[in-house]
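These notes are about the structure you will find just below.
The values are calculated or read from the model by the stated rules, or taken from the named source; none is laboratory data. Note that this is a predicted model, so its numbers are computed, not measured. Cβ placement follows ideal geometry from the backbone for every residue including glycine, while neighbour counts extend to all protein chains displayed.
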Amino acid sequence: ELKVEQNPLFLSMQEGKNYTIYCNYSTTSDRLYWYRQDPGKSLESLFVLLSNGAVKQEGRLMASLDTKARLSTLHITAAVHDLSATYFCAVADYSGGGADGLTFGKGTHLIIQP
Amino acid sequence: GAGVSQTPSNKVTEKGKYVELRCDPISGHTALYWYRQSLGQGPEFLIYFQGTGAADDSGLPNDRFFAVRPEGSVSTLKIQRTERGDSAVYLCASSLTGMNTEAFFGQGTRLTVV
């Protein structure tokens with residue numbers, strides 16, 4: 001069974017600081033997704049990482065994937081208040097024994113304070 | 001349509017009643033997913049359709065839950081004899097061809113069983 005673990009689950013940080021959210025998963029996969037969710041809203045796709053070593057950047061967010069370590073990171077540079085949200089990583093299970101949908105982590109609740 | 005549309009946005013029902021939740025995917029998307037998100041958790045996979053057929057229903061929690069997609073477009077998630085534990089946000093997502101392509105989520109239906 002595929003397990004996806006994010007840490008930290010809660011993060012409060014100041015504007016202007018840098019930080020990294022980690023996503024570990026338990027079985028082989030080369031497809032990892034990062035989503036953002038604002039309170040009461042649905043999930044907004046941020047990044048799709050499709051191969052080992054993939055790195056994608058959008059504004060102050062950068063995501064990377066290391067399939068050998070089964071690890072993805074979401075790095076926040078010079079955080080601003082508008083980035084406050086819950087961030088989820090999700091992994092596609094190709095092991096053959098799992099569901100055909102995505103397996104999500106519990107999410108990282110990020111609060112950025114002025 | 002421009003995005004994934006779910007109706008109703010909110011549904012309050014009494015314990016023991018039957019409910020139907022509707023999902024209208026992005027036009028042309030053959031893959032459709034249902035997820036359930038409880039408060040403070042990541043979405044949990046329920047069922048995946050490829051065209052009209054349920055390719056994977058391993059996430060449905062029990063036989064009170066059923067979903068259909070008779071014409072390969074709109075899908076309906078049906079819950080019989082609702083229980084208070086069924087209260088959650090039910091999210092629908094669609095993607096162009098399946099797990100290899102990015103999934104886009106609807107706004108969700110917040111189901112409350114009283």
Next on the checklist: Quick check on my filter: what residues within segment B:48-58 are assigned to a strand (DSSP E or B), more than 8 Å from every other protein chain (Cβ to nearest Cβ) and not small (Gly, Ala, Ser)?
Outcome noted: B:49, B:50
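Take residue B:109 and decide whether it is among the polar types (S, T, N, Q) and away from every other protein chain (no Cβ under 11 Å). Full working, then the answer.
Numbers: among the polar types (S, T, N, Q): yes; away from every other protein chain (no Cβ under 11 Å): no.
Against the criterion (among the polar types (S, T, N, Q) and away from every other protein chain (no Cβ under 11 Å)), residue B:109 does not qualify.
Condition check: charged (D, E, K, R) and either in contact with a strand residue (DSSP E or B) (Cβ under 7 Å, 6 or more places away or on another chain) or part of a strand (DSSP E or B) (or both). Does residue B:81 satisfy that? Before the answer, list the steps.
Numbers: charged (D, E, K, R): yes; either in contact with a strand residue (DSSP E or B) (Cβ under 7 Å, 6 or more places away or on another chain) or part of a strand (DSSP E or B) (or both): no.
Criteria not met by residue B:81.
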Next on the checklist: So, in segment B:1-25, how many residues would count as being surrounded by 19 or more Cβ atoms within 10 Å (Cβ to Cβ) and under 23 Å from residue A:35 (Cα atoms)?
Outcome noted: 4
Checklist entry - What are the residues in segment B:18-42 that are away from chain A (no Cβ under 12 Å) and in a loop (DSSP other than H, G, I, E, B), if any? => result B:18, B:25, B:26, B:27, B:28, B:29, B:30
Next on the checklist: Quick test for you: out of B:28, B:53, B:85, B:42, pick the one residue that is out of contact with any Leu (no Cβ under 6 Å at 6 or more places or on another chain) and closer than 14 Å to residue B:110 by Cα.
Outcome noted: B:85
Checklist outcome for this item: Every listed condition ((1) outside any strand (DSSP E or B); (2) out of contact with any Phe, Trp or Tyr (no Cβ under 7 Å at 6 or more places or on another chain)) holds for residue B:66 save (1)
Next on the checklist: Of the conditions (1) without any contact (Cβ under 8 Å) to a residue 60 or more places away in the chain; (2) part of a loop (DSSP other than H, G, I, E, B); (3) within 12 Å of the chain's Cα centre (by Cα), residue A:106 satisfies every one except a single condition; which number is it?
Outcome noted: (1)
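Against the definition (at negative phi, of a type outside the set (Gly, Ala, Ser) and touching a residue at least 40 places away in the same chain (Cβ under 8 Å)), how does residue B:52 come out, yes or no? Step through it out loud before you land on a result.
Working: at negative phi: yes; of a type outside the set (Gly, Ala, Ser): yes; touching a residue at least 40 places away in the same chain (Cβ under 8 Å): no.
Criteria not met by residue B:52.
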Checklist outcome for this item: Picked from segment A:16-53 (must be assigned to a loop (DSSP other than H, G, I, E, B) and modelled with pLDDT of 90 or more), the residue surrounded by the most Cβ atoms within 10 Å (Cβ to Cβ) is A:26
Checklist outcome for this item: Of the candidates B:6, B:80, B:41, the one satisfying the condition of being polar (S, T, N, Q) and free of Cβ contacts under 8 Å to residues at least 12 places away in the same chain is B:41
Checklist entry - Which one is nearest to the other protein chains (Cβ to nearest Cβ), of the residues in segment A:28-54 that are of a type in the set (Phe, Trp, Tyr) and more than 15 Å from residue A:70 (Cα to Cα)? => result A:35
Next on the checklist: So the check is Cβ under 9 Å with 6+ separation or different chains; which pairs have a first residue in segment B:94-112 that's over 18 Å from residue B:54 (Cα atoms) and a second one that's assigned to a loop (DSSP other than H, G, I, E, B) and of a type in the set (Val, Ile, Thr)?
Outcome noted: B:104/B:4; B:104/B:26; B:105/B:4; B:106/B:4; B:107/B:4; B:111/B:82
Checklist outcome for this item: For residue B:21, the lone unmet condition from (1) closer than 27 Å to residue A:91 by Cα; (2) free of Cβ contacts under 8 Å to residues at least 60 places away in the same chain is (2)
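Kindly evaluate residue A:62 against the criterion of being at pLDDT below 95, part of a strand (DSSP E or B) and away from chain B (no Cβ under 14 Å).
Working: at pLDDT below 95: no; part of a strand (DSSP E or B): yes; away from chain B (no Cβ under 14 Å): yes.
It is false that residue A:62 is at pLDDT below 95, part of a strand (DSSP E or B) and away from chain B (no Cβ under 14 Å).
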